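Have a look at the structure below, then the notes.
Where a number appears in this text, it was derived from the coordinates with a stated rule and is not lab data. Since the structure is predicted, the reported quantities are computational estimates derived from the model, not experimental observations. For neighbour counting, all protein chains shown are included, and Cβ atoms are generated from backbone atoms with ideal geometry for every residue, glycine included.
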């Protein structure tokens, strides 16, 4: 099932710069890995913000929480998850 | 360019039932028409709410406003538009 | 999977009293029916408010939206859905 | 009586890592102890957040405050308590 | 146990004036009755608002909800309940 | 006259522990002193929060501000003051 | 003592026009009367809003609530009262 | 001086359609008249909303309030005014 | 013209104490200087908060911003400016 | 197309003063450079706040995000972007 996820990143300004670079590098690698696996079909930047809006396609809330909390930036993000359903006017579900 | 749009519908309970039915029917037809034209690539229902989260792909803010205000439910919706950009970790933009 | 659902009811004061009674009666019947089916394991009243906090156990967001929008009071409720996951400190998942 | 409790955890990023580990370990032990005693019948993770939604079953507000403030993470949590009542449509209270 | 309750009254301006008068009269009678019974030890007006802040002393959330929903103005009020506990610096609990 | 006061305490986690203990100890002494003087007739803990809800009985806003800003925890508290009036349905003002 | 009062007016659009005119006319007369009596030393319009920001100088919360609830527009206003104190940097209290 | 003004329009759905048309027609005429006079140098539509963001150039708050309250849609708008100043990095004020 | 200004002060707890004292001392001197010049006719303390509500009488937004940003506490304050206009019911503008 | 952008600056008080000066100096240079290029036609200070309200004229959301994230103060700003469209009552689009 699909979930709408907004992630707002706020890395403390006094975090060790090397640690910061390491976390951000690992975050990108993990994001690519999850996208390749098919669970993260959409990932967009919110213009002007250190934030993204994403769509996840997972089997359960447990799976989604495991994925999100595996992100290296997880401790520095505010995440808001909204469950989605098929819209009756969605072109792809018309016959 | 892409825009994230959330629409929350609130039809007044004392609206004439026939008018209501007519508006909702026309809304679906217009939504399908816009999806077929390619400007409305994603349309999801928010679980538990008379709301949708959509992605629009248009050439300008003017075009998007014209599309949204052409929706028959426009007078009864609260709409929030968020401009999107390509995310540097988006799998599709990696080389 | 489990979802936390809060429903706040606001029936317009000028709704026809007979219609109101009919809706509320049907709502209770539907709520009992859903609880018996196992998809609505918990239903609590919020003290002092015409609101409830519920736990739903369903297979998908689509199923949950179908259930919620089948409630006779749906047009008069503000509903907020929060997806849940197993907590690592939950006694029932310890070995 | 039942209380709905939401706990949002925000451990300062510059807290001593050993202290942090110690607090989190003690928190889990205390949470299990309280669940075994019967006062904390439900504990769920909020998907994507370092938060839980819980149901407590206690004799009074004094007892609940003592329990919550005994949690090792208490100084780092924002807690919101909502008193619950039996819902008239709850299947378990029908005759 | 004690609960802090804030009630904000908003009677629709187009409610039948006689019905309005009847409700307000009955509300006062019921408020006095509850105060005499000991469950409503404090009742204050919020300056400048059609609102009150009250302290209730009841045995459970069920009892409190029954009392609040028995108020004739209940359908026209927004009510917010906050559970209270003994404060360790309260003069009356010092030895 | 009466004022409703809510105080939310947030002591920085990196405050010197000895200073913290000293402030908290002095706060309790000052709170007891003010209660004995009659200006602070009610003091309750908000369940689950490092907060209190209080009623003050003072002659003026100047007096109340002097009292509140004399509290040792004042620099670490968010305080919200709401002026109260006699409620026309208060049992104690009926004849 | 001084109170800062903000009043936001929202007269229902379907209120009888004659009644509306009558209320607004009486409101102005009452506002002038209160200003002449000295209890309402400042009255300003908020630019762009059907709102005012006022300073009242009264002996108690009871007196202020009586004054505010005597305003003909009281049932159509959202009022927010903030108690004021002398500021230590106020030029008029320096020696 | 310059003011930033956001206007959100909410015409009641049950307003007489002829009256509505008349108000909207007069609103446009008045908006054009004010723009021609030079006091309203910028007027933009917010995408997806029945709202505008405007810049006004007037001599005082009194003048701005007179202009805004002269708009035929004034009774149906929520208006928020933010005073502006010259920005030190504004290209036009560099030498 | 008149502006309503609310200033909320939040000095970081770990600011050097001498620097803090110096800033607060200079703030008072500057506040008195501005009041003497006539641009700051009213300055009140908000009861229970490290905040003030003020009225400024200046010629433009530029002048007001220059004054406010010249305050030594400016970097530690959250400031909210609301433009005011003459109220039609203000006693002083009646003939 | 046009975008309305509000930027609120919050530089941590414990940032190295030299670094701070360097960032602020570079910010001004970059802001002037962008204004000269035509993409940043309007830049105003919000009175009393370390904030600006700006209008950007760019070809896409990608371009706008690149510009905004190139600002030296970007890590210390909260930015809110609102897409704009031509207003039908804009004097410049009338024939």
Only Cα pairs within less than 10 Å get springs; with that Gaussian network setup on chain D, which residue of D:65, D:13, D:42 has the largest fluctuation?
D:13
Once both label points are put 7 Å beyond Cα along the C-beta direction, the residue J:95-residue G:57 separation in nm becomes 6.3
Residue and distance (whole Å) for the chain F Cβ nearest the axis that superposes F on J
F:14, 6
Counting only other chains, and only Cβ atoms inside 10 Å, what mean value do you get across the residues of I:2-12?
3
Looking only at other chains, what is the average number of their beta-carbon atoms within 10 angstrom of each beta-carbon in B:19-29?
1
Partner chain Cβ atoms within 10 Å, averaged over the residues of B:69-82 - can you pull that number for me?
4
Mind grabbing the base-10 log of I(q)/I(0) for chain I at q = 0.18, 0.24 Å⁻¹? Debye formula, identical points on the C-alpha positions, no solvent, two decimal places.
-0.87, -1.36
For segment F:47-95, how big is Rg over Rh, using alpha carbon atoms and the Kirkwood form of Rh?
1.07
For residue B:26 and residue J:32, what does the FRET efficiency come to when R0 = 45 Å and r is the distance between their Cβ atoms, rounded to the nearest 0.05?
0.35
Go from 0 up to the bin containing the longest alpha carbon distance in segment A:1-50, width 5 Å each, and give me the % of pairs per bin.
4, 15, 21, 25, 19, 10, 4, 1
Summing -39500 (n - 2.57) over every DSSP H run of at least 4 in chain D, dividing by its residue total and rounding to the nearest 500, the 222 nm mean residue ellipticity is -10500 deg cm²/dmol
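Can you tell me which of C:67-74, J:81-88 comes out highest on packing, and rank the rest after it, using the mean Cβ neighbours within 10 Å?
J:81-88, C:67-74
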Here, residue J:10 and residue C:16, labelled 7 Å along Cα→Cβ, have an inter-label distance in nm of 5.3
Applying 1/(1 + (r/R0)^6) with R0 = 35 Å to the Cβ-Cβ distance of residue H:66 and residue J:80, what FRET efficiency is obtained, to the nearest 0.05?
0.70
Most mobile of J:14, J:57, J:66 in a GNM of chain J (Cα contacts under 10 Å):
J:14
To test your reading of the geometry: what angle, between 0 and 90 degrees and rounded to tens, separates the Cα axis of helix H:17-37 from the longest principal axis of chain H?
20
Which whole-number percent of Cα pairs in the protein assembly as shown have a distance greater than 48 Å?
28
